[in-house]
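Please read the structure below before turning to the comments.
What follows is calculated from the coordinates using simple rules that are stated; it is not laboratory data. Keep in mind it's a predicted model, so treat the numbers as computed, not measured. Cβ coordinates were reconstructed from backbone atoms using ideal geometry, including for glycine residues, and neighbour counts include every protein chain displayed.
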Amino acid sequence: MSRNKVEIKAGELVITPRGLDKLWSFTKEIRVPLSLIRGATYDPGVVAESKGVRAPGLNTLGKKVSATYRKDGDRHYWNVVGASDVLVIEVDPKFKYNRLILSVDDPIGAEQKINEAVHNQES
Amino acid sequence: MGRPREFDTPALLRQASDLFARRGYAATSIDEVVKVTGVARGSLYSIFGSKQGIFAAALKRAAGQRLGSRSLGERLDMKHYHGDPAEAASLLDLLNVAILEMASHNHEISDLVQHIIDTHGITAQALGQRALVRAGLTEAAL
């Protein structure tokens, strides 16, 4: 089962880490206005990249990551297990995180759903 | 501090176009785009927002190339074409990828495809012909 539930509700993307991940990442829920989302991409390869410097959170030998990272002045939220089913959501720097890296069910479907919702909200 | 380095965006989009045209949209990973363009993943996301953002920018660049005074559709119907066939072929390849893989469920891309088709007078014949050429099933008409 994936680590995050991703839903679109009333103009916002609502991300809910499941179970203990709420604890590890010190995050109960993230709500991002669709107007601040720049795009979503299915990108399992992101897991192999350097994550930057970790703020509070958990990282068990790279397989399971629930934490906030800072890299080159950016703020990234990671909640990932393994190296598949990973979705990258790019967010406007005005938001507390400018990139979210999440394990989700059906990442390709989630990518399409989010990009379409963002486009519909703009037009 | 987290801002993308200077690099040649048109060249990046040309390389990305070649990749999407060759592999299609879904089968092109961000890993491949990073490898082919030499641009860091973080910079790609900062600039384009997503893989779809890269694809849309590549399609817009291809459509904005100098394609001559006659419409692309007319030119592709010509038996002896002496312009820049590579740019025209690249645009048709990207359009075919967009139509087959994305346009049915993606309004940003379908709106863009419709606009380019209308602007350049691209015919179904030209798109179909190019799809057959790409597959090696017929000789180039260009």
> Want the number for B:His115 to B:Thr138: 0.36 nm per residue separation, take away the alpha-carbon distance, what's left?
Replying inline: 5.5 nm
>> Quick check: net charge around B:Leu19, other residues with Cβ under 12 Å of its Cβ, Lys/Arg +1 and Asp/Glu -1?
In response: +1
